[in-house]
Amino acid sequence: MNDNYFGSLFRRRIVFVIIVGFFAICSVQLFNMQILQQPTYSEKSDENSVKPIYQLAPRGIFYDRNHKVLVGNKPSFTLRITPSTYDKKLTPYLEAILGMSPGYIDRILKLNESYSKFIPRKIAKDVSFKVIAWYEENSSKLPGVDYVMETQRDYSFGVTGAHMFGYTKEIPLEVFQRRKGEYDIGDEIGFGGIEKTYEDYLRGEKGIKYMLVDAKQKTIGRYKAGEEDRATIKGDDLTLTIDKDAQEVAEEEFKDKRGAVVALDPSTGEVLAFLSSPQYNLEDFAKVTSNEVWRELNNNPDRPMFNRASMSTFAPGSTFKMISAIAGLEEGIIDTNFKVNCGGGYQFGDRYFKCLHVHGTVDVETSIEKSCNTFYYTLVNKLGLDTWSKYAKKFGFGTKTKIDIPEESSGIVPSTEYYNRVYGKNGWTKGFVISLGIGQGELNVTPLQLAQYAALFANYGKSARPHFLKSYMDTQTNKRYDVKPQYYDIGISRKSFDIVRRAMYLVVNGAGTATNIKLPDIAIAGKTGTAQNPHGKDHAIFVGFAPYNNPKIAIAVIVENAGFGSIAAAPIARDIIKAYLQKDKKEEPKDLAALPAVKEANIEH
Amino acid sequence: MNINYKLQDRFDLSIFLPVIGLIIFGLLAIYSSTVNHPTASGNFQKQVVFVIISLFVFFVTFSLPLQSFKKFAIALYAVSIFFLVAVLVIGKTVYGAKSWFGIGGFGFQPSELAKLGTILMLSYWLTYKSRDINNLKDIGVALLIGVFPVALIMLEPDMGTSIVFLVITVSLIFWSGISLFGLFVVLSPGIVTFASILGTYAFIVALLLVVAALFFFKKDLFNSTAVFIINLSAGFFFDYIYRVLKPHQQKRIASFLDPSADPLGAGYNALQAKVAIGSGGFWGKGFLHGNQTQLRFIPEQWTDFIYCVIGEEFGYIGSMIVILLFLIIFLRLFKLSATAKDRFSVLVTVGVLTLLFSHFALNIGMNVGVTPVIGLPLPFLSYGGSTQFINMVMIGIVLNIYRNRKLHT
């Protein structure tokens, strides 16, 4: 019989049998499951359902460059309420025992109303052991209340570092939905700073315990005696580039001041100290953050939540004079023989631009050493706006440094194009340009950019992208991965740098503006600045590096509303430099040497 | 009564009404499994919108001239392939598979469109004037049409959908009257390739079986050698491809071949699904009263495990009604395949039947525990816009074929 033709009867029959046959199998299987074995399945459903219990993984620890702990973990108790079984009459008792104001629990329950009533809500984190003891005694009278052991960030290691570390908090709904499948509701996620950038390294992997629970979710035992359970994997530990001693000194000095400090290793771009002051208390975020704390932080006129070190922008004042000096030398517009006579100011059109002193005959070296404005009014006028602007941009101003935390501003470097856009083609005059020569006007820079600028002087125009992460330890393989710095060279001649660096040396060690911070054993080079502030007293600024002959640290310090850079900012820079370099002499980094790196890792973020 | 007869003559209510019945069951089950869910509670409203849109599209498809589908075939297939490639490049990863485009708040799954495109294209190719189903070149092209999307979908990776495409391709070639030897030529390289993944030993055994079969068919030496070489090279070629792939792509293929690579994940869901259905009993626990469903023991229940909501809350009665409605649809399509007016219409009907049936069999089979855990939506019931939309377009096409079955051109 030949049935090799289109839609043959034999073939139709095969298809028919498959369809009806499968239907029959399903009917039989359903009959078997739902009628014959119904009691067994029912029992399973009612009593023996498997439920995964997730155990949060401890986050990776932050170490400083010498393997001292900066941020750790500690165990803590979290009290929870499951609305499906919770009795609202208990609220006043709970609030009293937790020391919360009345209405607190209601507010949290209302906030999470859209979630299933079977999901437990975290009511209070970091609950004292006394409260847990009380709960254990009375748990039978507290339906729907329970507690879990979690780990929580421990900030008790002597540094605050709020703005660089960032904090963790419960995952917001929109992030939860965006990163579908990766997180569960109630998980902690890094917010801001290093906690956010390196979230995927730090978070680790949750463990799962399979428990047998009854239909009312009461635990009645382990599923398969725990053999299917998955252990928690702690997050990767991060070794940061921060030097704890330098950071501590910075935080101590800024206790009652507003401002910022950024210190870098000039050859690698490693951040040695990073401070924005005032700070906020990271401990407050480790608990369920109360409304009062938020309100206080947001209404504080000093804006403690704002990361001044990489987000605040201001005119850098005299610290910017080296840009014009370098530009003039590189473009051949001036040389060491070029001199300007400072009679106390500079006449440009019908405006008179003032200098602080009458400096007499000034060459490029003296102009930096003594911070003569007249020299730079003259020089920037010779350079022209766009040449000046080109060199400012070469040194990284006007763009983000791409440091590895998400909070950063790019600042502004004016150019012809910029002024045309803001004021219109004929809306501005060359007078605008004159103030730029001394770092005033519409120029806006961040402390981080200034530190990078100092690093470029320290290391003759070669540096690497500023970064916080030195290495990380893969928890699973126990191998350490070093981060390779991203080097760059801005391409400016050593000859120009030699002239300007020499002048910066004289600022501190000659007859300059910061001789007050001269040290007998460390040669510091730098430049002071005073940034005019339209809203109040001037900001004091100092940028510098040390030691002069073999720089190990480059630094930028800004103290808000503190007046002269030499008096308010330079001594802070000196103390941080001292803390970093003198320790370098007395103790060698130890633990890291014992953990050889396996290979270099390129980290993208 | 007269009017009703006329309506039934133009519009097959015994397909349309069961489809509506299934959609209603689906909406009830989606509502029940998402109403208390923290993040999916809007899915019921979204599904209602999907249903309304797809009903509208159904009527449009139903009303088009039948000839137009033949004209759409090539273009639709080309567009499908383009989207399948594009989704690998710019798609978004959902549950480990890169199979979605995100457009605004909604997602679009190009493999759904490709199902329609492939059925139309294969039907078109296999019924084009002088096609000879036992000519090696014509079979080869038909296979390419069917297998090309499979290769792309394997890379996503989406095992269930790949299987559906293979089943459709083989069914249509089978229906077209391929000889037993032809069927052997079509199927054997796939089996050998699969064996080559299992190991060298399995690969050699498979090749020996091929040689034995070639003796059985008693074809001449040239043909036999050609088939053997095709088989041999299929095995080596796949091995070569596998080696040049990047590690993460190799991992994808491994997880495609062995979906139980995460044994606890898959086993856990299957166990909970069976408990849900079995505990439903004869009458079920009642709408919104299934504790397995309401306590969310089965993750994402409104997609691939929708059937166990019905099993738990509507019991044996509800479960049987659902599969009976499917059976009615399948038998009506089966009957239509004998009465459709031309071969193109017949093959399209068989294609739609195969598509719906393979989804049905793999999904229900997984839920009641008679087939492996392979993720596939249950047609008309599972939550999802792309699936609902394409399924209703296909029902529109077959009812269109029904409407035109007596017209001759």
Among rounded, prolate and oblate, which fits the range A:75-154 when a ≥ b ≥ c are the square roots of the eigenvalues of its C-alpha gyration tensor, a/c under 1.5 means rounded, and a/b larger than b/c means prolate?
rounded
In chain A, whole DSSP H helices that both stretch 27 Å or further along their axis by alpha carbon positions and average at least 1.0 on the Kyte-Doolittle scale are A:9-31
Taking N as the residue count of the protein assembly as shown, its alpha carbon Rg divided by 2.2 N^0.38 Å gives 1.22
Going through the cross-link list A:Lys393/A:Lys578; A:Lys321/A:Lys400; A:Lys88/A:Lys110, which pairs have a Cα-Cα distance over 24 Å in this structure?
A:Lys393/A:Lys578
Candidate lysines - alpha carbon under 27 Å from B:Lys71, same-chain residues fewer than 8 apart omitted:
B:Lys115, B:Lys129, B:Lys137, B:Lys335, B:Lys341, B:Lys406
What 222 nm value per residue comes from the helices of chain B, counting each DSSP H run with n ≥ 4 as -39,500 (n - 2.57) and dividing by all residues, nearest 500 deg cm²/dmol?
-25500 deg cm²/dmol
Using the 10 angstrom Cβ neighbour count as an exposure proxy, how do A:Asp237, B:Asp239 rank, fewest first?
B:Asp239, A:Asp237
What list do you get for B:Ile139, B:Ile30 if you sort them by fewest beta carbons within 10 Å?
B:Ile139, B:Ile30
Ranked from fewest to most other Cβ atoms within 10 Å of their own Cβ, B:Val192, A:Val145, A:Val508, B:Val48 fall in the order B:Val48, A:Val145, B:Val192, A:Val508
On a straight-distance basis, which aspartates and glutamates could pair with A:Lys117 in a cross-link, Cα separation under 17 angstrom, same-chain partners fewer than 8 positions away excluded?
A:Asp87, A:Asp106, A:Asp146, A:Asp184, A:Asp214
Low-density loop cleavage sites - GluC sites (Glu not before Pro) in the range A:74-157, where at most 13 other Cβ are within 10 Å (DSSP):
A:Glu113
Jot down the radius of gyration and Dmax of chain A, Cα atoms only, both in angstrom.
32.4, 118
A student applying the Cα gyration tensor rule (rounded when a/c is under 1.5; otherwise prolate if a/b is larger than b/c, oblate if not) would label chain B oblate
Let me have the 222 nm mean residue ellipticity of chain A computed from DSSP H runs of 4+ only, each contributing -39500 (n - 2.57), with the sum over all residues rounded to the nearest 500.
-9500 deg cm²/dmol
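What is the local net charge at A:Ala325, summed over the other residues whose Cβ is closer than 14 Å to its Cβ (Lys, Arg +1; Asp, Glu -1)?
+2
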Leaving out same-chain residues fewer than 8 places away, which lysines sit with a Cα under 17 Å from that of A:Lys470?
A:Lys68, A:Lys196, A:Lys244, A:Lys402, A:Lys479, A:Lys484, A:Lys552, A:Lys590, A:Lys599
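Bear in mind these aren't lab numbers, they're just calculated from the coordinates by the rules spelled out. Values in this document were obtained by computation on a predicted structure and should not be read as measured data. As a convention, Cβ positions derive from the backbone with ideal geometry for all residues, glycine included, and neighbour counts pool all protein chains shown.
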